[in-house]
Structures are given as C-alpha cells and as structure tokens.
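Here's the structure, in structure tokens; my notes come after.
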Amino acid sequence: MPIDIRLTAIPAPAGVPLDAHLAALVGGADDGEDIVVAVQGAETAGLDPYLGGPAAEVLAACDATGQAGDITPVAMRAGDKPRRLLLLGLGDESVADMRKAGAALGRRASPERGMLAAAALGQPAESVRAFAEGLLLGSYRFSLASGAAGEGGPSEVRLLVSAGDQESTAAVSAARAAADAAALARDLSNMPSSRKTPAWLAGEAARVAAASGLAVRVREPGELAAAGFGGILAVGAGSAQPPCLIELGYYPRGAGTHVVLVGKGITFDSGGLSLKPADGMKLMKTDMAGGAAVIAAMSALAELGATARVTGLIAAAENMPSGSAMRPGDVITHFGGRTTEVLNTDAEGRLVLADALAYADTVLEPDVVVDLATLTGAARVALGGVLGALYASDDALAGALLAAGQASGEPLWRMPLVDDYCDALDSPVADLANIPHSSRPRAGSIEAALFLREFAGGRPWAHLDIAGAARFSDGEQGKGATGFGTRLLLQWLSERPLGAAPVTA
C-alpha cells in the first residue's frame, strides 16, 4: 500500500529539559535526517545554543506560528555539523490538532531525508496515536503499480515516545494498523473501474482474507439467483461484468457479540438506464467506498485485538445501461421475498444493500448491524465533504459510533429517521418503491435510510451515508478517496462496549 513512511517507535527518557533532548537527538541522528521538535517548547533557552541566538527572535523572524501543522525549517549547528531542525506547530495539542500536525509532517516526508521526531514525546497515548496516524496518512500516494510507494522507497521516520510508556508504544502500533487499513480502503476506491470489476473486488477481498486470517465466501450469479438475491442481480444485469456477494468472517475465540458490517460495492455507477449526466459520473469509480471500508476494517481486526465476531458483507455490482439492464417500472424480489418497484435505476445502492441486510437479519442473526454506503447526493449537500450522515435505530449504538467517529477523526452527524416520511416508500404494485412516486420536495438521504431500515429486521442497526466524506479530498490526507469509515469502524470495534445490547430471544 502506498504509504511513503516506515515508522519506528524509539523509547526516550521523559521529563528532561529540551536542550538535553536536542543533545540526544543530534547525537542519535543520521546524516541527512531532519530533527523535528514542537514549537511549543521553542521559547525555552534550550534551543539558543543550537540556533546561534535567542530562540524567540529566530522564530519571530521565521514567522513560526505554532498553529497545528505549521512547519518552520531552521538551520542549527551541532558541533561542526549543520543540521536542519523542523519546528512543528501542535496547535492546542488536542487529538484533532495532533493528527493535523502529523499529517503535515507526513506530506513533507521524502525518501531522501529521514526524520527523527520528538514532537509527540510526553503526550498522552491517544495523542501519540493521532499524531502517528496523521503522519502515516499524510504520506499516502496512490499508484497503479501494485504496492508501490514513492520512488526510492519509503521515508524512514523514527518517532520518540516516552521510555517505559507501554501505552504510547502500543498507540504507535495501533496507528500503523489503522493507517494501513485506511490506505487499503483508499487503494480500492482509487482504482480505476476499468480494472475494478466485481470479480476483481472479490479477488482483493480474498487476498486480504488470506493475509488476515479471515474466512471468505463469494456468491456468484448462479448462487445468488438460487438463493433469491434479486436486488444484486437486478442492479448488475446491465453489465458485462457479473455481480457477486462477498462475505468475510472474523471469529475470535470467546466472542460474545456478533456484528455484521454491510458495504455498498458498486464498482462503477453510470446510473443505469436513468443515466447520470457526464459530470455526475466523474467520481463513480468510488461508489464502492463503503465496501472498501468494510474490507479494510476487517483486515485489521485481529491486529487490533477486536473481541467481537464480525461478518463483512459487500454487495458488488456494476450499474450499466444495456438491453439487459433493469428498467424503471420493474419490480424486483429481494432476499427473503420483499418486493421493490424500481422507479429510478440510479437509486441502485439501496437495492443491493437491501439484499445484504435481509440476508444478515434472517440467516446471520447478528446482535448489531452497521451499513456504509456512498448512497445519496443529498447527504453531501446537507453535510459537505467532511461529515458522514448517521442514521440509527438504537440510541446507544448511535452514541458509540458518534464517539468513535470523533476519536478517529472521521466525524459523523446524527440525522433523523422521520416516520412521517415513510409514505415516500409506498408503491401500488410492490411492497416498497425505491424512490417516491410523487414530485414533492424530497428528503432524499432520510428516505433512503428509511428504505434500508425495512430490511434490518428490527435489530440495532445504523446506516452511514458517506457520499460526501468518502470521496475526493484536498484536506490533511491529500487528494483522492479518503477511506472514510475504516478508522471509525476499527475504533468502535476495538473498544467496549459496542453500544447496543445483544438481541435476546
């Protein structure tokens, strides 16, 4: 995966003056290695001998602000050798600012110059993890060369953590696992759809399963038809690339809770016969970002010590127009027998998710279900490109996911499930319609969530509409798909409680 940093945690003594740290850093630094310290300590006299004058005056001349992610390079003298010192702003040292600072440093990383960083030394474990995650994620670069990082290999970064602080050392390991998973999700989403067929996605899921000790099963069209997965088959009917349902299983010893994650895996969405305008197709290679997040989160569960049993379902299809494509006015039968009138073939994500949710409810019988999907443009209009929309049938589950989103840097905003809007699902010829018959002003994201709720079986269920947050970003993670949802799920699944009581008979 194209993270351009090889990160190593280095134990260092805590509670010593800045000048003593600098002496240790300089002595332990390799030639060509930048030394990184926080601006917050730069006003102390410890820097003066290395900068050739009062540190405050040097920083003022360099316009060092101390804001999160602000990097001020200065020359320093260590004996007879000049070195480059990077003064890094940590803002208010909150978890969010530590992640932002780390990302800025990661974007600067290059194979030609390593880094020896003391900026997070002495910080609490959650801040160390955020800083390390940001550092790794900020270095991400997508490449079509499999597994390629930047030219010349990854940059070597040695991150100082307090000696004897096992929590901080563990935090760096957890950050590495979460960042690798997020990079995997971004790789899958960034892959062009000319390569990324449903079969290719299934192959990648199988490769991840083999590397991560997961069980895997892929249902292809014949098995889908025999079992009644009419939604997945209908959406994939217009493409030369057959659809499939990918199932991944994580079975830790002694698991007492079963969680099902469901991801939308539309590998390209043209809109089908309800064809999108040209501009609307530009980002549609990322319409499987929910499925990518599920695969990626599953890949890191064992490494992060998740104790719940987790099943990942990815409903994969390509939505294309052709003579065999589903038509507006068609009625399809989902897994379990419920029927849907298709009024717009571009509202296809809910059709494949309905099959997977119904299968989860009636066959897998989980305690908790969470689905992720780039489902509606309405969610992006409402919340922009940073927040994911959260719909939940269970308050405790919603609270746990909101907290996990805040802690992981993938924030959610809870949206209402307005029962008065359920008439939008009415159909004269089927159990449900996939969009409203009427032309009244629509609450599109809410109505889509209400549709999905019909298939969740009354279990604790949450739906994450990540249409804005999962797609291309120019923020602290750099350009490209964001992998949104991956770190959030890992944060939630590696903590206790999960936020919803197990279902009892």
Exercise. Between residue 227 and residue 253, what FRET efficiency comes out of the Förster formula 1/(1 + (r/R0)^6) with R0 = 35 Å and r the beta carbon distance, rounded to 0.05?
Worked result: 0.70
Exercise. Given labels modelled 7 Å from the Cα in the Cβ direction, how far is it in nm from residue 61 to residue 173?
Worked result: 4.6
Seminar exercise, completed: In degrees rounded to 10, the 0-90 angle between helix 444-453 Cα long axis and the longest Cα principal axis of the chain is 70
Problem set entry | In the chain, lysine pairs with alpha-carbon atoms under 26 angstrom apart (chain gap of 8 or more, or interchain) | 14
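Quote the FRET efficiency, to the nearest 0.05, computed for residue 10 versus residue 395 with a Förster distance R0 of 45 Å and r equal to the Cβ-Cβ distance.
Values: r = 44 Å, r/R0 = 0.97.
FRET efficiency, residue 10 to residue 395: 0.55.
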For this session: Within the chain, what's the longest run with no trypsin sites (Lys or Arg not before Pro) in a DSSP loop and at most 13 other beta-carbon atoms within 10 Å? Give the range, please.
Result: 283-478
Exercise. Which whole-angstrom value gives the distance between the alpha carbon centres of region 479-493 and region 196-222?
Worked result: 20
For this session: With P(r) over Cα pairs in 20 Å bins from 0, in percent defined as stated, name the option among (1) 21, 47, 20, 9, 3, 0; (2) 24, 50, 22, 5, 0; (3) 22, 52, 24, 2 computed from the structure displayed.
Result: (2)
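How would you classify region 277-352 from its alpha-carbon gyration tensor, with a ≥ b ≥ c the square roots of the eigenvalues: rounded for a/c under 1.5, else prolate if a/b is greater than b/c, otherwise oblate? Numbers along the way, then the final one.
Values: a/c = 3.75, a/b = 1.66, b/c = 2.26.
Oblate, since a/c reaches 1.5 and b/c is not below a/b.
Highest mean first, how do 242-248, 163-169 rank when packing is the count of other Cβ atoms within 10 Å averaged over residues?
On the way: 242-248: 25.3, 163-169: 15.9.
Peptide ranking by packing, descending: 242-248, 163-169.
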For this session: Would you mind calculating the gained length between residue 240 and residue 413 on full extension (0.36 nm times residue separation, minus the Cα-Cα distance), in nm to one decimal?
Result: 58.5 nm
Problem set entry | Rounded if a/c under 1.5, otherwise prolate or oblate - region 221-291, Cα gyration tensor axes | oblate
For this session: Set the Förster radius R0 to 41 Å, insert the Cβ-Cβ distance between residue 420 and residue 276 as r into 1/(1 + (r/R0)^6), and round the FRET efficiency to 0.05.
Result: 0.85
Problem set entry | Degrees between helix 289-300 axis and first principal axis of the chain (Cα, 0 to 90, nearest 10) | 60
Problem set entry | Inter-centroid distance (Cα atoms) of region 224-270 relative to region 98-144, Å | 35
Problem set entry | Neighbour-limited loop hits for chymotrypsin sites (Phe, Trp or Tyr not before Pro), region 192-259 (at most 12 other Cβ within 10 Å; DSSP other than H, G, I, E, B) | none
Problem set entry | Interchain or long-range residues, amide H under 5 Å from residue 6's placed H | 155, 156, 157
For this session: Measure nothing fancy, just the Cα-based angle from helix 395-408's long axis to the longest principal axis of the chain, in degrees from 0 to 90, nearest 10.
Result: 40
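Here, each number is a calculation from the coordinates, and none is a lab measurement. This is a predicted model, so every value here is computed, not measured. Glycine also receives a Cβ, built like all others from the backbone with ideal geometry; neighbour counts cover every protein chain displayed.
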